[in-house]
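Trainee: Here it is: the structure, laid out below.
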Amino acid sequence: MSDEIVKQIEEQGAEVRRLKGDKASTDNAKTEAIQKLLALKLAYKEATGQDYAAPNARQAKPKQAPKPQKPEVKKHTLLGVGTKKDDNYSEWYSEVITKAEMIEYYDVSGCYVLRPWSYAVWESIQEFFDSGIKKLGVKNCYFPMFVSNAALEREKTHIADFAPEVAWVTRAGNSDMAEPIAIRPTSETVMYPSYKKWVQSHRDLPIKLNQWCNVVRWEFKHPTPFLRTREFLWQEGHTAYANPADAEKEVFQILDLYAGVYNDLLAIPVVKGRKSEKEKFAGGDFTTTVEAYVACNGRGIQGATSHHLGQNFSKMFDISYEDPSKDGERAYAWQNSWGLSTRSIGAMIMVHGDDKGLVLPPRVAAVQVIVVPVGFKTENKDSLFDAVDKVTKELVAGGVKAEHDLRENYNAGWKFNHWELKGVPIRFEVGPNDLAKKQVTAVIRHNGEKKQVSMDGIVASVKTLLDEIHTQMYNKALAQRDAHLKTTTDIEEFKKHLDEKCIILSPFCGLPECEEKIKNASTREDGEGAQMGAKTLCIPLEQPKQALPSKCLFPSCTEKAKAFALFGRSY
């Protein structure tokens with residue numbers, strides 16, 4: 001197997017060198033090639049236990065006499081993350097998502113395989129959010145992924161932000177299509193023609209629909225699994241109301257559900273707020289958002305958005321009805337749209353992961369407890385394995401997501417490293433002494449703490465422990481964010497805080513041109529080689545208690561400040 005990997009590494013290395021020497025090749029192609037090379041080198045290290053060395057760097061080793069074969073050979077491979085999170089964040093992230101079996105690289109640039117370990121997180125998010133929206137009367141549906149050119153042309157203003165990223169199908173087999181068909185970057189143009197057909201009377205409203213689907217945006221920037229990909233999974237809700245008050249109320253109900261996904265599932269604190277005019281959704285009246293903070297690189301990350309579209313789209317698509325209060329005059333519906341994507345998984349990895357690998361919040365973990373037998377010998381193996389199986393079955397029957405690891409071709413130390421890398425919240429170690437005391441030894445992933453747990457009432461004890469872990473992980477992330485949340489009215493102090501990996505509350509006038517000046521004034525190369533300035537992450541719904549200064553942050557701005565805005569470098 002290692003010989004095949006070496007061959008692939010050498011071929012991919014040649015491709016990387018070719019692309020670097022080709023002035024016509026894109027940065028995206030170079031980046032994708034380098035990522036594939038890194039993934040292959042990680043696979044080699046996993047298979048052989050040593051770093052890959054190029055042929056000219058290898059030294060011939062003298063032949064040694066074969067060692068006598070042992071009766072039983074334990075399989076060992078080098079586990080763990082070889083790069084520290086604070087030393088090289090990008091390489092750490094690539095190692096974690098591959099070694100923890102979250103993703104697999106794919107041969108189409110910017111597209112990735114979501115393996116069961118990561119998809120389980122998405123399923124937990126789906127279950128939580130789906131339950132919440134159904135309580136609000138939202139129903140699930142599915143619309144086609146293809147969009148006609150004519151439909152896209154009807155909303156040029158809306159798709160302006162997406163236009164460069166729209167992917168088109170132009171051929172069917174060997175024949176050119178009569179008209180190219182777009183693959184949805186979002187579904188307003190797909191869904192709203194049907195809304196027009198369905199709405200004739202005020203009695204046909206409200207319409208509350210959601211779909212769980214994939215979208216394609218042919219990104220040309222640096223592709224990063226979960227964070228910036230050409231295809232991703234999401235939910236998109238599209239609702240229509242007869243009056244604006246009901247529509248606006250829903251915007252904030254959905255925003256609360258999104259905050260719940262991050263706070264109550266992913267153990268990530270978020271700031272709820274409104275987007276600035278510059279950052280809001282094109283074609284909408286206003287956009288609300290939940291914003292998280294990533295401590296390792298000091299960036300904000302948009303968690304999800306809930307938009308009030310006003311009547312902009314209903315007028316565009318003629319979603320109207322006879323208004324009985326105006327003698328049958330046609331009135332246009334008030335609409336919302338809202339979405340949450342698999343980017344949430346990337347945020348979780350970045351916020352909680354450490355130098356040992358992934359750290360999963362308990363409520364989204366595919367496995368909450370892994371039970372491992374330790375210290376067994378041939379004579380006591382069966383009884384110990386039976387005890388491990390019994391504990392595991394009791395946990396599963398009690399609603400805990402538990403598995404055991406009874407593989408005999410791996411030793412206990414290898415298993416500990418393996419499950420730590422995959423981020424399982426609790427590891428139970430069960431040995432002969434534990435059995436004698438009718439207990440298990442619990443090891444907590446996020447802080448390394450060890451404690452003994454009685455087998456009596458073990459299900460209740462574990463559920464309490466899982467809740468404690470969630471709270472501790474949330475509080476740790478909250479403390480990290482709050483330690484890097486600064487308030488200033490001075491642009492020079494603003495730039496200093498920004499370079500110290502902080503997010504900043506500052507008075508802001510709200511004008512797009514002023515926001516652009518702030519971004520330009522604070523632009524510098526970040527730790528990952530990108531030129532990046534600060535932008536508004538949001539206008540927090542909960543404003544600071546201190547009085548709002550009259551002057552905007554930017555020195556030459558003559559407009560009055562309207563609110564404190566949360567600024568930061570962002571994904």
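Trainee: Return the sequence-ordered ³J(HN,Hα) values of the stretch 11-16 in whole Hz as given by the Karplus equation 6.51 cos²θ - 1.76 cosθ + 1.60 applied to θ = phi - 60°, using x for Gly and Pro.
Mentor: Here the 3J(HN,Hα) series is 5, 5, x, 5, 5, 4 Hz.
Trainee: Given R₀ = 22 Å, FRET efficiency for K41-A483 by Cβ-Cβ distance, to 0.05? Provide the component values of the computation, followed by the final result.
Mentor: Values: r = 36 Å, r/R0 = 1.62.
Step by step, r from the Cβ atoms, then E = 0.05.
Trainee: Among the Cys residues of the chain, which have no other cysteine Cβ under 4.7 angstrom away?
Mentor: C111, C141, C213, C296, C502, C514, C538, each lacking another Cys Cβ under 4.7 Å.
Trainee: Of V367, H238, I207, which is farthest along the charge dipole of the chain in the positive direction, counting Lys and Arg as +1 and Asp and Glu as -1 at C-beta?
Mentor: Checking the options against the dipole of the chain, the answer is V367.
Trainee: Still on this structure: Please state the equivalent ellipsoid semi-axes for the stretch 156-248: what are the square roots of 5 times the Cα gyration tensor eigenvalues, largest first, in whole Å?
Mentor: Numbers: eigenvalues 181, 72, 27 Å².
Working from the Cα gyration tensor, I get semi-axes of 30, 19, 12 Å.
Trainee: Evaluate 2.2 N^0.38 Å with N set to the residue count of the stretch 488-568, then give the Cα radius of gyration divided by it.
Mentor: On the way: Rg = 12.1 Å, N = 81, 2.2 N^0.38 = 11.7 Å.
This ratio for the stretch 488-568 stands at 1.03.
Trainee: Evaluate the distance, in nm, between pseudo-label points positioned 7 Å from the Cα of K20 and of K496 along their respective Cα→Cβ axes.
Mentor: Roughly 4.0 nm, to one decimal.
Trainee: Treating the angle as unsigned and between 0 and 90°, give the value, to the nearest 10°, between the Cα long axis of helix 412-421 and the longest Cα principal axis of the chain.
Mentor: It is inclined by approximately 10 degrees.
Trainee: If I model a spin label at E468 and A172 as a point 7 Å from the Cα along the Cα→Cβ vector, what separation in nanometres do I get?
Mentor: 6.3 nm
Trainee: Around T488, what is the net charge, scoring Lys/Arg as +1 and Asp/Glu as -1 over all other residues with Cβ under 10 Å from its Cβ? Display every interim value, and only then the final one.
Mentor: Numbers: positive: K486, K495, K496; negative: D490, E492, E493.
Summing Lys and Arg as +1 and Asp and Glu as -1 gives 0.
Trainee: Starting from the Kirkwood radius over alpha-carbon pairs of the stretch 369-466, derive D by Stokes-Einstein at 25 °C in a medium of 0.890 mPa s and give it in µm² s⁻¹. Display every interim value, and only then the final one.
Mentor: On the way: Rh = 13.4 Å.
Approximately 183 µm²/s, per Stokes-Einstein.
Trainee: Taking θ as phi - 60°, what are the ³J(HN,Hα) couplings along the stretch 478-487 by the Karplus curve (6.51, -1.76, 1.60), each to the nearest whole Hz, with x for Gly and Pro?
Mentor: 5, 5, 4, 5, 5, 5, 10, 9, 10, 10
Trainee: Note down the nm distance, to one decimal, between modelled labels 7 Å out along Cα→Cβ at Y410 and at T523.
Mentor: 4.8 nm
Trainee: Here's something else I'd like to know. If you fit an axis through the alpha-carbon atoms of helix 89-99 and take the longest principal axis of the Cα set of the chain, what angle between them do you get, 0 to 90°, nearest 10?
Mentor: 60 degrees
Trainee: Which value, in debye to the nearest 20, describes the size of the charge dipole of the chain about its Cα centre when Lys and Arg Cβ atoms bear +1, Asp and Glu Cβ atoms bear -1, and nothing else is charged?
Mentor: Values: 78 positive and 77 negative charges, 218 e Å.
The calculation lands at about 1040 debye.
Trainee: Just need log10 I(q)/I(0) for the chain at q = 0.07, 0.09, 0.11, 0.12 Å⁻¹, Debye formula, equal scatterers on the alpha-carbon atoms, no solvent, rounded to two decimals.
Mentor: -0.52, -0.83, -1.16, -1.30
Trainee: Same structure, new question: To test your reading of the geometry: what angle, between 0 and 90 degrees and rounded to tens, separates the Cα axis of helix 116-135 from the longest principal axis of the chain?
Mentor: 40 degrees
Trainee: Can you divide the C-alpha Rg of the stretch 89-352 by 2.2 N^0.38 Å and report the result to two decimal places? Spell out each step's value before the answer.
Mentor: Working: Rg = 19.3 Å, N = 264, 2.2 N^0.38 = 18.3 Å.
Taking N as the residue count of the stretch 89-352, the ratio is 1.05.
Trainee: Same structure again: In the structure shown, do any of K496/K562; K272/K535; K196/K275; K85/K476; K393/K415; K381/K450 have a Cα-Cα gap over 22 Å, and if so which?
Mentor: Details: K496/K562 24 Å; K272/K535 16 Å; K196/K275 29 Å; K85/K476 17 Å; K393/K415 20 Å; K381/K450 24 Å.
Long pairs (Cα-Cα over 22 Å): K496/K562; K196/K275; K381/K450.
Trainee: Could you pull out every residue, at least 5 positions away or on a different chain, whose amide H is within less than 5 Å of the one on T305? Hs are placed 1.01 Å off N in the peptide plane, and Pro or chain starts have none.
Mentor: Counting only residues 5 or more places away or on other chains, the set is G339.
Trainee: Want the number for S148 to D355: 0.36 nm per residue separation, take away the alpha-carbon distance, what's left? Present the calculation step by step, with values, prior to reporting the outcome.
Mentor: On the way: separation 207, 0.36 × 207 = 74.52 nm, distance 4.75 nm.
Working it through step by step, the gained length comes to 69.8 nm.
Trainee: For the peptides 106-116, 488-498, what is the packing order when you average, over each peptide's residues, the other Cβ atoms within 10 Å and list the highest mean first?
Mentor: On the way: 106-116: 15.1, 488-498: 17.4.
Result, highest mean first: 488-498, 106-116.
Trainee: So if we plug the beta-carbon distance of K551 and D86 into 1/(1 + (r/R0)^6) with R0 = 45 Å, what FRET efficiency do we get, rounded to 0.05? Can you show the working numbers first?
Mentor: Values: r = 37 Å, r/R0 = 0.82.
Approximately 0.75, to the nearest 0.05.
Values quoted throughout were computed directly from the atomic coordinates according to the rules given, and no laboratory measurement underlies them. Treat the numbers as computed from the prediction; the structure is a model and nothing was measured. So basically every Cβ, Gly included, is an ideal-geometry build from the backbone, and we count neighbours across all protein chains shown.
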